[in-house]
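The values are calculated or read from the model by the stated rules, or taken from the named source; none is laboratory data. What you are looking at is a predicted structure, and each value in this text was computed from that prediction instead of being measured. Positions of Cβ are backbone-derived with ideal geometry, glycine not excepted, and every protein chain shown enters the neighbour counts.
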Amino acid sequence: MEKEAYCRLTEEKIGALKGIGVKRAEAFSRLGLDTVGELLHHFPRVYQNRGHISPLSLAPEGENASFLLTVGTQPKTVTLKNRMTITKFAAFDGSGTVVITYFNSRFLEKVFAVGQEFRFWGKVKREKGRLTMAAPIHEPVSEKLPLPDFVPVYPSGAGLTQKLIADTVGEALSLLEKTDLPEVLPESFRVGLGLPEAKTAYRAIHCPQTLAEIEGARRYFSAEELYLFSLGLALTKNRKRSGVPPVMRDLSLTPLLSRLGFPLTGAQKRSVEEIRGDMVNAEVPMSRLLSGDVGSGKTAVAAAAAFLAVGNRYQVALMAPTEILASQHYDSLAPLFSSLGFRVGLLIGSTPLPEKRRLKEALADGSLDLLIGTHALISSGVSFARLGLVITDEQHRFGVAQRASLGKDNRGGGVPHVLVMSATPIPRTLALILYGELSLSMLDELPPGRQKVDTFVVDESYRARLNRFIASQVREGGQVYLVCPAVEEKEEEEWEGDLIGFAPDGSTEFHYARPKKKTAVEYYEELKKNIFPEFSVGLIHGRMKGCDKEEVMRRFSAGEIQILVSTTVIEVGVNVPNASLMVVENAECFGLSQLHQLRGRVGRGKRKAYCVLVSSTDGEKAMKRLKVMRTTDNGYKIAEYDLELRGPGDYFPSEEGKARQHGSFSGRLNTDMALFKRAMEEAEKTLAADPELKKEENLAAARGVRQLFETDERAMQ
């Protein structure tokens, strides 16, 4: 019954907690927090190290820090003409004195008394030879109630303050303490890793007392998430593709290959033969992943697979995630296949209704051989006469059921072959774990003549020179990407200073004087109005409507926009041959695989291309990553290094993309690969003993798998 009470608690609406009314519940909902369970998993992004006391004489100017001060003068309040009040007093430690100011806070006159000691958290400024602080957080020092050394800083927004989030989490933790919390991790696995019990981990990650508690809690939730994720993957892999595949005979590819205009690389030839082996006289439908670096020639390999299918009088569907990418595939493949006597169509959201009707009729009567499109391919009324092959580009954007649905109206019978393509080079070790249900082809060789993109790492001192370089590129006819790590400035960006976060190796990590992030919206306005008013500047980010993003990319592709300010929404897929310069702001915020994909957006035409990584960080690990980017252009080597350094999180689409390769694995805890492997082994052991997770000891894990994958149920179908 107590475990049932836990389920009821975690599924309880957040409005049931003390102090949360309708408006606050709505605010939490805008953060994606509707239930107590979701609130408990809203982990701090960093911790303020308020226990690290700084003397006033060594105060880092302009950065948040912690000070243990004694009130030296009685606070006095003055009222200004605009009715604003200013309350001031002096406080001191053994190294100096600071004047502290609060605004519209007359009540503080009764809070601070001369001789009383407080811990202050805020920014110290030096003005005319004296130290000042404005509106610092204050906590009275008392032997009866020790102050916590580590204060959590939560992802925030929607008008919710850090204090309100922390108080609400505290209320949830108090209720959790009164319930029997079932363990998700098998006891032997948890103990073998030296992890705390679940209830201890929840308390420690939200209210840590020591660094060891932070590390232990972080590792516990990493292991829990990876274990649940591994169970979900294993369950998916156990559902092997079955059914009668299309019957295909072998064909010579010479008619197609002779029209490409270039010879295939060794890796392309190998991949084509692997696909040919899967499709010709197959006993089961093909299910193959084609992983390739930027510019490795995945489209040519996919074209060979399509030729085998249409040459055997089967139809082919090629699905891309965006209209622009679908249109690019159509522009490259339609002339090629039309010259061979095959009919090719493009079906996207913006296709005129009369044309949509004609395409659907031709598809249904079998006269259309190759249909390229977006999600429109699985819309109502799309019916294939004899579908033999499904190709999906940017495969992580489409779930298993979405791909399968392409063949559900296949009147020709049989289960079509499936080829999924990934634009992110995936290390073989990780690919075998993530896609064990798929055969793997790797394009680990670039075509000869592919130009190298010169890469530079600069700091803010190069800003003027960089702006001149951007201007020269545009004046010479090139186009420029400017990528920012965030859309807009968030409330949480104000929390700078002495912070503790999660390092990639699983330990805690100190952050000092973090560089201020460039945000796309503000940077766009600055560039448009003040820096490059003579040029056409565009903006694109993940919060824009799909049709608006498509229009911006269309204009950039057409050359109507010269400088495009963006987030990582342009990371993969779009081909603009005229783009000659990629500038990545706050490059330390990105993983190597992301940076490599961004760099791959330029250098696709005849123009000499450049990539400039802007970073003012002094972090040793960050600079080591950027050095790898400067000296290496092999996507698989970069991917291996990134996997070793940061874990598998980068191989799952970002939050902004609202897409997951499998379920809703977040990767937010920077889990390491060794732990991932151990979690996979434990998941396989669990399923070997309990294939349907119905035993009492696995019920909590079964519930966790369902919750983890509920944002993308397609992966579990």
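Among the candidates 291, 271, which residue alone is in contact with a helix residue (DSSP H, G or I) (Cβ under 7 Å, 6 or more places away or on another chain) and farther than 30 Å from residue 704 by Cβ?
Testing whether each residue is in contact with a helix residue (DSSP H, G or I) (Cβ under 7 Å, 6 or more places away or on another chain) and farther than 30 Å from residue 704 by Cβ leaves just 271.
Hey, among the residues in segment 319-366 that are part of a strand (DSSP E or B) and more than 28 Å from the chain's Cα centre (by Cα), which one's modelled with the lowest pLDDT?
Within segment 319-366, the match that is modelled with the lowest pLDDT is 347.
Does segment 686-701 hold any residues that are surrounded by fewer than 18 Cβ atoms within 10 Å (Cβ to Cβ) and either without any contact (Cβ under 8 Å) to a residue 40 or more places away in the chain or touching a Lys or Arg at 6+ places or on another chain (Cβ under 6 Å) (or both), and which are they?
Those that are surrounded by fewer than 18 Cβ atoms within 10 Å (Cβ to Cβ) and either without any contact (Cβ under 8 Å) to a residue 40 or more places away in the chain or touching a Lys or Arg at 6+ places or on another chain (Cβ under 6 Å) (or both): 688, 689, 690, 692, 694, 695, 696.
Could you grab me the full set of residues in segment 292-314 that are of a type outside the set (Lys, Arg), surrounded by fewer than 24 Cβ atoms within 10 Å (Cβ to Cβ) and not in a helix (DSSP H, G or I)?
Answer for segment 292-314, where residues must be of a type outside the set (Lys, Arg), surrounded by fewer than 24 Cβ atoms within 10 Å (Cβ to Cβ) and not in a helix (DSSP H, G or I): 294, 295, 297, 312.
Do we have residue 688 as among the hydrophobic types (A, V, I, L, M, F, W, C), outside any loop (DSSP other than H, G, I, E, B), over 22 Å from the mean Cα position of the chain (by Cα) and modelled with pLDDT of 55 or more here?
Judged against the criteria, residue 688 is a match.
Would you check if there is a residue in segment 123-144 being farther than 30 Å from residue 21 by Cβ, touching a helix residue (DSSP H, G or I) at 6+ places or on another chain (Cβ under 8 Å) and either in contact (Cβ under 8 Å) with a residue 12 or more places away in the chain or not assigned by TED's automatic domain parsing to the domain that holds residue 214 (or both)?
Yes, the conditions are met somewhere in segment 123-144.
Which numbered condition trips up residue 567, out of (1) under 22 Å from residue 605 (Cβ atoms); (2) in contact with a helix residue (DSSP H, G or I) (Cβ under 9 Å, 6 or more places away or on another chain)?
In the conditions (1) under 22 Å from residue 605 (Cβ atoms); (2) in contact with a helix residue (DSSP H, G or I) (Cβ under 9 Å, 6 or more places away or on another chain), residue 567 misses (1) alone.
Is it the case, given these coordinates, that residue 447 is modelled with pLDDT of 70 or more and in contact with a Ser or Thr (Cβ under 6 Å, 6 or more places away or on another chain)?
yes
For a quick check of your reading of the model, give me the residue pairs whose first member lies in segment 262-291 and is assigned to a loop (DSSP other than H, G, I, E, B), whose second is of a type in the set (Asp, Glu) and modelled with pLDDT of 90 or more, with beta-carbon atoms closer than 6 Å and at least 6 apart or on different chains.
Partner pairs satisfying both residue conditions: 280/250; 286/278.
Among the strands (runs of 3 or more DSSP E) confined wholly to segment 456-553, which include 3 or more residues that are in the same structural domain as residue 588 (by TED's automatic domain parsing) and at pLDDT below 85?
Result: 499-502, 508-511.
Hey, residue 623 hits all of (1) hydrophobic (A, V, I, L, M, F, W, C); (2) more than 25 Å from residue 476 (Cα to Cα); (3) within 20 Å of the chain's Cα centre (by Cα) but one; which does it fall short on?
(3)
Looking only at residues in segment 82-115 that are part of a strand (DSSP E or B) and among the polar types (S, T, N, Q), which one is nearest to residue 135 (Cα to Cα)?
Only one residue fits best here, namely 101.
What is the one condition in (1) within 22 Å of the chain's Cα centre (by Cα); (2) within 25 Å of residue 212 (Cβ to Cβ) that residue 38 does not satisfy?
Result: residue 38 fails condition (2) only.
Have a look at 103, 118 and point out the one that is modelled with pLDDT of 90 or more, hydrophobic (A, V, I, L, M, F, W, C) and farther than 23 Å from residue 147 by Cβ.
103
Which pairs have Cβ atoms under 7 Å, sit 6 or more apart or on different chains, and link a residue in segment 594-610 that is at positive phi to one that is β-branched (Val, Ile, Thr) and surrounded by fewer than 24 Cβ atoms within 10 Å (Cβ to Cβ)?
Pairs found: 603/453.
Within segment 613-643, take every residue that is in a loop (DSSP other than H, G, I, E, B) and hydroxyl-bearing (Ser, Thr, Tyr) and give me the one that is farthest from residue 485 (Cα to Cα).
632
What residue, of 9, 33, is in a helix (DSSP H, G or I) and at negative phi?
Going through 9, 33 in turn, the sole match is 9.
If you go through segment 619-633, how many residues are free of Cβ contacts under 8 Å to residues at least 60 places away in the same chain and charged (D, E, K, R)?
Number of matching residues: 3.
So, in segment 177-201, of the ones that are in a helix (DSSP H, G or I) and in contact with a helix residue (DSSP H, G or I) (Cβ under 6 Å, 6 or more places away or on another chain), which residue ends up farthest from residue 678 (Cα to Cα)?
Here the residue is 201.
Of all the strands (runs of 3 or more DSSP E) wholly in segment 118-166, which have at least 3 residues that are of a type outside the set (S, T, N, Q) and over 26 Å from residue 205 (Cα atoms)?
Result: 130-134.
Determine whether residue 277 is closer than 25 Å to residue 386 by Cβ and at pLDDT 85 or above.
yes
Please specify each residue of segment 54-81 satisfying the condition of being out of contact with any Asp or Glu (no Cβ under 9 Å at 6 or more places or on another chain), in a strand (DSSP E or B) and over 21 Å from residue 129 (Cβ atoms).
78, 79
Would you say residue 245 is of a type outside the set (Ser, Thr, Tyr), within 29 Å of residue 596 (Cα to Cα) and either assigned to a loop (DSSP other than H, G, I, E, B) or not assigned by TED's automatic domain parsing to the domain that holds residue 424 (or both)?
It is false that residue 245 is of a type outside the set (Ser, Thr, Tyr), within 29 Å of residue 596 (Cα to Cα) and either assigned to a loop (DSSP other than H, G, I, E, B) or not assigned by TED's automatic domain parsing to the domain that holds residue 424 (or both).
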